[in-house]
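Structure first, then comments.
The values are calculated or read from the model by the stated rules, or taken from the named source; none is laboratory data. Quick caveat, the model's predicted, so the values are computed rather than measured. Neighbour counts run over all protein chains shown; Cβ positions are idealised from the backbone, glycine included.
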Amino acid sequence: MSSHRKYLLIIDDAPVDEQLIQYFSKFDYDIVHQKDLTQLDNEGEVPAALLINWSLIQGNPSKIENLYHHYPVPLFVISDVVDETMCVRMLEAGADDFLVKPIHPRELHARISAISRRVLRSIKETDQEKEVLLFANWRLYPASRQVFDNTTREELQLSAGEYDLLLAFVQQPQRVLGREFLLQLTKHSDLTPFDRRIDVQISRLRQKIETDAKKPALIKTIRNGGYLFTSRVLTMKEGEEAKL
């Protein structure tokens with residue numbers, strides 16, 4: 001097996017279907033077939049997914065957890081027969097999915113991709129929950145919708161609309177944000193670009209974050225364009241910002 005190719009690890013005492021091998025080869029997957037659990041430690045690389053026959057773990061669902069710790073990848077239990085009780089037990093034990101033979105290659109591929117996408121989304125959401133956005137003399141925590149003064153450590157009191165505006169600016173620094181975009185962002189999509197309420201909110205936000213609101217340095221008005229957030233923004237993880 002090439003070290004540069006992905007592979008599926010199938011643990012089954014029965015031969016692997018040739019259609020499965022041919023299908024996944026089109027996507028640069030190899031199939032590694034083992035007849036039992038004794039050779040797990042011999043595989044140094046992590047597979048893209050693992051499939052194991054129910055017959056090899058029946059009576060000991062805890063093996064599912066052990067397998068997942070060994071290979072933290074999409075884990076499928078496969079079976080030669082339809083058995084709802086068996087399926088439920090395996091899913092409760094930690095399997096990601098349960099498939100009954102014959103295994104259809106396209107369906108398996110789709111299920112692997114779906115599970116992988118969910119994992120990536122979860123990782124991304126977790127990362128975002130731990131984000132801290134640093135700019136000027138402020139720290140913004142997206143997960144809790146809080147903003148703190150770096151010097152005093154006091155929380156900045158913002159309305160929901162003011163916070164949404166600030167987050168939009170911080171997430172898109174050095175970019176002109178038009179009035180229509182900001183109006184939609186603040187739930188005022190029924191207003192026209194000439195409505196002055198967005199200017200009022202910007203003015204209030206400036207009063208709270210600018211050193212001199214009469215001479216704003218962070219939020220600049222762009223003639224016939226909108227507004228520009230000028231500050232450099234640093235993205236960090238919670239805990240790291242405490243070292244600054």
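Of everything listed in (1) under 18 Å from the mean Cα position of the chain (by Cα); (2) assigned by TED's automatic domain parsing to the domain that holds Gln201; (3) at pLDDT below 90, the single unmet condition for Gly161 is (1).
In the set (1) assigned to a loop (DSSP other than H, G, I, E, B); (2) modelled with pLDDT of 90 or more, Leu108 fails one condition alone, (1).
Quick one: in region 161-182, which of the residues that are of a type in the set (D, E, K, R) and in a helix (DSSP H, G or I) is surrounded by the most Cβ atoms within 10 Å (Cβ to Cβ)? In this case the residue turns out to be Glu162.
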